[in-house]
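One structure is given below, encoded as structure tokens.
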Amino acid sequence: GSVIGYVGRLLHMKGVDTLFEAAASLDSNYQVLIVGRGEYQAELVELAGKLNIADRLVWVDGVPPEAVPEYINCMDTLVLPSRTTPEWVEFFGRVLIEGMACEVPVIGSDSGEIPNVIGDAGLIFPEMDALALAAQIQRMVLEESLRKQLIQCGLARVKAFMWDTIAQQTYAVYRKLLEM
């Protein structure tokens with residue numbers, strides 16, 4: 001079967017419930033791997049029971065950051081289903097870059113900066129739209145050429161982000177030196 005993964009804190013605005021609803025509409029050879037902890041976990045466990053997907057979930061909490069790639073490498077696709085709230089918007093979504101670096105294709109909602117981070121290296125769905133997310137998961141699993149293309153674009157994007165970050169850091173160092 002295919003493993004759909006989520007890595008991050010279990011908070012309402014992270015939209016993990018949308019991922020669960022999407023998983024419930026897919027057939028049973030999909031498993032969901034959840035890496036993270038947070039105060040919303042009890043509600044998510046209850047929701048999984050209501051949706052009859054509890055037996056398809058694997059919960060892993062309290063993973064040190066350096067171990068995260070090992071879990072991402074178990075996934076067929078990584079999903080970041082964030083929703084925008086009055087108090088909060090996804091401003092980056094670093095886990096998407098980690099997914100790309102691990103050669104795991106990513107799917108993200110259209111919340112905040114997620115579409116800009118993903119660019120051409122993954123699939124997008126409208127936030128909170130579980131059926132649209134389910135459709136993107138199925139595409140990711142069934143369309144092998146799409147997967148390969150997204151993985152290649154993802155690796156290129158990781159390099160671009162890394163160079164961009166290195167350039168910014170180098171620039172900051174030069175500015176400090178010039179100010180001395």
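Structure summary
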quantity: Surface per residue (accessible, 1.4 Å probe) for region 1-157, Å²; calculated: 46 Å²
quantity: Cα-projected label distance for W59 with F161, points at 7 Å along beta-carbon direction, nm; calculated: 2.8 nm
quantity: Alpha-carbon radius of gyration plus Dmax, which is the widest Cα pair, for the chain in Å; calculated: 17.1, 63
quantity: Over the chain: helical MRE at 222 nm, DSSP H runs n ≥ 4 each giving -39500 (n - 2.57), nearest 500; calculated: -15000 deg cm²/dmol
quantity: Gaussian network model of the chain, Cα within-10 Å springs - most flexible of P86, P64, P126; calculated: P86
quantity: For region 120-159, projected area of the alpha-carbon convex hull averaged over all directions, nm²; calculated: 2.9 nm²
quantity: Probe 1.4 Å, all protein chains present, accessible-area order of E98, E144, largest first; calculated: E144, E98
quantity: Listed residues S25, S145, S82 arranged by accessible area, highest first, probe 1.4 Å; calculated: S145, S25, S82
quantity: R9-E46 pseudo-label distance in nm [points 7 Å out on the Cα-to-Cβ vector]; calculated: 2.1 nm
quantity: Cβ-Cβ FRET estimate between S2 and E70, R0 fixed at 25 Å, reported to 0.05; calculated: 0.85
quantity: Total charge dipole magnitude, region 37-180, about the Cα centre, Cβ charges on Lys, Arg, Asp, Glu only, Debye to nearest 20; calculated: 380 debye
quantity: Relative contact order of the chain, pairs being alpha-carbon contacts under 8 Å that are 6 or more residues apart, as %; calculated: 21 percent
quantity: Heavy-atom SASA rank of E66, E90, E113 (probe 1.4 Å, accessible area, largest first); calculated: E66, E113, E90
quantity: Solvent-accessible area, 1.4 Å probe, carbon plus sulfur percent, for region 74-141; calculated: 56 percent
quantity: DSSP-defined beta bridges in region 1-98 - what % are antiparallel, rounded to 5; calculated: 10 percent
quantity: Separation in nanometres of the label points that stand 7 Å from Cα toward Cβ, at D27 and L177; calculated: 6.1 nm
quantity: Rg/Rh for region 1-81, where both radii come from Cα atoms and Rh is the Kirkwood radius; calculated: 0.93
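The values are calculated or read from the model by the stated rules, or taken from the named source; none is laboratory data. This is a predicted model, so every value here is computed, not measured. Neighbour counts are summed over all protein chains in view; Cβ atoms, including those assigned to glycine, are modelled from backbone coordinates with ideal geometry. Remember, those area values only see protein heavy atoms, side chains included, never the ligands or the DNA or RNA. Shrake-Rupley method; radii C 1.70, N 1.55, O 1.52, S 1.80 Å.
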